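First the structure, then my questions, so here it is.
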Amino acid sequence: RRQRQMCIRDRVMVNKIIWTIVLFIFVTILSPPTVLVLVVGLLPTGIAYICDKSDEKFPALCVGGINLCGTFPYLLSIWFEGHSLSNALDIVLDFFSLLVMYSAAGIGWAFYKYVPPIISQVLDILAKRRLAHLNRLQKKLVETKKKIYNNLSPWQRVQLSRHPNRPYTLDYINT
């Protein structure tokens, strides 16, 4: 059964690779300038995807999202200012455009590396505050309960002990 599941996963992976190649060839035929800018601009994303061995691919997603943001203005300039290979080559060979695209990828790496620990610290601080607040409420509850039960008359204690909703011995044993 396990071998069958692995075989199915392998087939699914092969199908994904085949469809990715077919889509890439189709898009390359339709729009070579766009593909050129995307391939060169999103190179750090591809490297992050290849280097990351986890199933989730969080580094590739983080780097890829910000890297795409850095590449997108140049895609817009190709699409609206002249969709030609010479414009794409001008963008790809321009130092400043490469700097923007790859710096965006660097910012994506920084987000992946530094944002989770910061969020973890913030959540830890918030949890400690909430715990302190709950401790204060618990102390207040205990004090109020002591105040109420210490000031009961003997008849009120009898009524409390014979209340129909009071806990019975089995209630304590079963919990």
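Of everything in segment 75-132, what is over 27 Å from the mean Cα position of the chain (by Cα) and among the aromatic types (Phe, Trp, Tyr)? Give them in sequence order.
TRP79, PHE80, PHE95, PHE96
Further, regarding this structure: Please verify whether ALA60 is out of contact with any Pro (no Cβ under 8 Å at 6 or more places or on another chain) and either surrounded by 19 or more Cβ atoms within 10 Å (Cβ to Cβ) or modelled with pLDDT of 95 or more (or both), treating the condition exactly as stated.
Values: out of contact with any Pro (no Cβ under 8 Å at 6 or more places or on another chain): yes; either surrounded by 19 or more Cβ atoms within 10 Å (Cβ to Cβ) or modelled with pLDDT of 95 or more (or both): yes.
Taking the combined requirement at face value, the residue satisfies it.
Spot the failing condition for ASN67; the list is (1) in contact with a helix residue (DSSP H, G or I) (Cβ under 7 Å, 6 or more places away or on another chain); (2) polar (S, T, N, Q); (3) open to solvent by 70 Å² or more (accessible area, probe 1.4 Å), and only one is missed.
Going through (1) in contact with a helix residue (DSSP H, G or I) (Cβ under 7 Å, 6 or more places away or on another chain); (2) polar (S, T, N, Q); (3) open to solvent by 70 Å² or more (accessible area, probe 1.4 Å) one by one, ASN67 breaks only (3).
While we're here: Out of LEU76, LEU131, LEU126, LEU141, I need the residue that is modelled with pLDDT of 90 or more, closer than 30 Å to LEU30 by Cβ and hydrophobic (A, V, I, L, M, F, W, C). Which one?
When all the criteria are applied, what remains is LEU76.
Another question about this same structure. Is there any pair linking a residue in segment 92-109 that is under 13 Å from PRO73 (Cβ atoms) to one that is open to solvent by less than 40 Å² (accessible area, probe 1.4 Å) and outside any helix (DSSP H, G or I), with Cβ under 6 Å and at least six apart or on different chains, and which?
No pair meets every condition.
In segment 76-175, which helices (runs of 4 or more DSSP H) lie fully inside it and hold 3 or more residues that are within 30 Å of VAL37 (Cβ to Cβ)?
Details: elements: 85-93, 95-150, 154-161, 169-174.
Hits in segment 76-175: 85-93, 95-150.
Another question, if that's okay. For the condition at negative phi, of a type outside the set (Gly, Ala, Ser), at pLDDT 95 or above and open to solvent by 80 Å² or more (accessible area, probe 1.4 Å), what is the one hit in ARG136, ARG157, ARG162? Walk me through how you get there before you give the answer.
Numbers: ARG157 fails: at pLDDT 95 or above; ARG162 fails: at pLDDT 95 or above.
Going through ARG136, ARG157, ARG162 in turn, the sole match is ARG136.
List, please: which pairs have Cβ atoms under 9 Å, are six or more places apart or on different chains, and start with a residue in segment 51-69 that is farther than 15 Å from GLY41 by Cβ and part of a loop (DSSP other than H, G, I, E, B) and end with one that is open to solvent by 40 Å² or more (accessible area, probe 1.4 Å) and of a type in the set (A, V, I, L, M, F, W, C)?
ASP52/PHE58
The values are calculated or read from the model by the stated rules, or taken from the named source; none is laboratory data. Predicted, not measured: the structure shown is a model, and the values here were computed from it. So basically every Cβ, Gly included, is an ideal-geometry build from the backbone, and we count neighbours across all protein chains shown. Each accessible area value is taken on the protein alone, full model and side chains, heavy atoms only, with ligands, DNA and RNA left out. Shrake-Rupley method; radii C 1.70, N 1.55, O 1.52, S 1.80 Å.
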